[in-house]
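Contents: one structure, followed by commentary.
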Amino acid sequence: MVKVIFANITNTITPNTPDTPDTPDTPDSVVNILSRRLAIEAEKHNVPLESSDILDRTINQKKFSEGTFKSVYTAPGMDYVVQVFKDLSISTLEARIKETVCCLKTKNLENTCQIRSVYTDENDDIIGISMDKYSQTLKDFAFASRSQITGEQKYKLVLDLVKGVKGLHDVGFAHCDLSEVNLMVNVTSEYLPDGSETPELVVIDFGKAEFINRDDVLAWSVDIPTNDRLERLPLVESRLDHGYKLYRSAETLPRKRGDRDARNPIDPCAEDVYGVGVLIWRIFSGQSPWGGVLDTDIRKLYEIINNPQSIDFYINKVNGATSQELLRKCLTVTSKSRIDISSLLDFLLRYKNVLISEWTTTGRKTKEAAKLKISTANKRNKRRRIFK
Ligand SMILES: Nc1ncnc2c1ncn2[C@@H]1O[C@H](COP(=O)(O)OP(=O)(O)OP(=O)(O)O)[C@@H](O)[C@H]1O
Ligand SMILES: [Mg+2]
């Protein structure tokens, strides 16, 4: 049972204000202010705060999965997972708060993970969250499985992905860590027009998100944000990402191992669109883009994605003029010439039929596998009709 422990809080917190004018701000007071503000935000979204005693009991269960920053727990019969932050130090406070706030902001938004509760310890520090459980990662559903997904299924996954990312941008943050393991898929009991099962995709893991609105940056930063930082929004400082490098544009891809050299500020929403472009390419082709270059070969990868001619060279090999056009809109060298997520959604809706048709004939062993999936679905439908 969920134990609701909302304190009777009013929204009168002044950002980073010391208790007395002469006392410098201490990490403790920052924790306190941010925790109270977070409790208000949770209440606004009707998400309960739970105490760490409940968490202790839940995490006696077997560990289900392990990320870099979180341990994920669930148990058979549980329809949710508990994500516990591994490092609870002051240095991770902003990331923990940010992840939780982003989950709250996307409550009830389609194609985004759905938070159920926030766990805090006896000092009101945030230690974890719980959310709905999803059955598999996009990697397992679309890339690791031996059977190929159908054209209709590819379109549905891509549509959900774009709707999900648009939802994040609409509520004021960019994901900044899109990859095939930060997207989860449930297979529903519905069927698509080609007889295949309807997948449903949601975006998870907001640990590297970037707020794009001034109010959020002011409300959720541990340090007082500088004027420079506030004035350049929605651009943010570029953090070179050594995680899933295939999804990074030329503006954020490290140039070599260990590269931490600061670059110009970047547009984090445009970075997301680049990542979405790579994911779309992977989903419909079942293969890695850029002729399968490995993301460990940073030099080669950078040479390709930093050159419009080489980008074109690889995109020209893709099956279907509309798929090529779609990729060209997302996979640009600089963010200025890149499509935004709303226009990308419009494009997808407008060219639905032609994209499905191009994606039905693209990919490994497509025809045989599609036939297999469809015939399985048809058999199941037939059985259902018999039992009605
Ligand atoms: N709601 C969920 N339902 C099912 N599995 C989940 C859920 N949330 C997370 N997982 C699993 O746990 C993994 C790690 O979760 P998550 O990506 O949130 O943690 P992380 O530590 O931030 O990861 P990363 O290593 O990507 O930084 C996911 O890739 C997924 O396999
Ligand atoms: Mg992750």
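Residues in the range 201-222 that are out of contact with any Pro (no Cβ under 6 Å at 6 or more places or on another chain) and part of a strand (DSSP E or B): LEU201, VAL202, VAL203, PHE211.
Conditions (1) near ligand 1 (Cβ under 10 Å from one of its atoms); (2) assigned by TED's automatic domain parsing to the domain that holds ASN186; (3) surrounded by 13 or more Cβ atoms within 10 Å (Cβ to Cβ), marked per residue:
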residue: ASP56; (1), (2), (3): no, no, no
residue: GLY67; (1), (2), (3): yes, no, yes
residue: LYS70; (1), (2), (3): yes, no, yes
residue: THR74; (1), (2), (3): yes, no, yes
residue: MET78; (1), (2), (3): no, no, yes
residue: LEU88; (1), (2), (3): no, no, yes
residue: SER91; (1), (2), (3): no, no, no
residue: GLU94; (1), (2), (3): no, no, yes
residue: LYS98; (1), (2), (3): no, no, yes
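Considering each residue of the range 206-217 in turn, at least one proves to be outside the structural domain of ARG37 (by TED's automatic domain parsing), modelled with pLDDT under 95 and either in contact with a helix residue (DSSP H, G or I) (Cβ under 9 Å, 6 or more places away or on another chain) or within 12 Å of ligand 1 (Cβ to nearest atom) (or both). Among the candidates ASP170, ASP140, the residue that is closer than 24 Å to ALA270 by Cβ and open to solvent by 10 Å² or more (accessible area, probe 1.4 Å) is uniquely ASP170. Taking the range 28-113 as the region of interest, the strands (runs of 3 or more DSSP E) fully inside it that hold 1 or more residues being of a type in the set (Val, Ile, Thr) and within 16 Å of ligand 2 (Cβ to nearest atom) are 70-73, 80-85. For the range 185-204, a residue qualifies if it is away from ligand 1 (no atom under 14 Å from the Cβ), touching a Phe, Trp or Tyr at 6+ places or on another chain (Cβ under 8 Å) and farther than 17 Å from VAL162 by Cα, and exactly one does: GLU197. Residues in the range 235-281 that are buried (at least 24 other Cβ atoms within 10 Å of the Cβ), assigned to a loop (DSSP other than H, G, I, E, B) and within 16 Å of ligand 2 (Cβ to nearest atom): ARG248 alone.
Suppose the filter is in contact with a strand residue (DSSP E or B) (Cβ under 8 Å, 6 or more places away or on another chain) and either closer than 19 Å to LEU178 by Cβ or open to solvent by 30 Å² or more (accessible area, probe 1.4 Å) (or both); does GLU43 pass it?
no
Residues in the range 129-152 that are in contact (Cβ under 8 Å) with a residue 60 or more places away in the chain and within 13 Å of ILE280 (Cα to Cα) were compared, and the one that is nearest to the chain's Cα centre (by Cα) is LEU138. Any residue at all in the range 145-161 that's open to solvent by 40 Å² or more (accessible area, probe 1.4 Å) and within 30 Å of SER91 (Cα to Cα)? Scanning the range 145-161, I find no residue that is open to solvent by 40 Å² or more (accessible area, probe 1.4 Å) and within 30 Å of SER91 (Cα to Cα), so the answer is no.
Among residues of the range 236-256 that are closer than 19 Å to ASN182 by Cα, those with a beta-carbon under 6 Å from a residue that is open to solvent by less than 50 Å² (accessible area, probe 1.4 Å) and among the aromatic types (Phe, Trp, Tyr) at least six positions away or on a different chain give the pairs SER249/TYR274; LEU253/TYR302.
The values are calculated or read from the model by the stated rules, or taken from the named source; none is laboratory data. These numbers were taken from a predicted model, which means no experiment stands behind them. When we count neighbours, we look across all protein chains shown, and the Cβ atoms used for this are built from the backbone with ideal geometry, even at glycine. Accessible surface areas use protein heavy atoms only, side chains included; no ligands, DNA or RNA. Shrake-Rupley method; radii C 1.70, N 1.55, O 1.52, S 1.80 Å.
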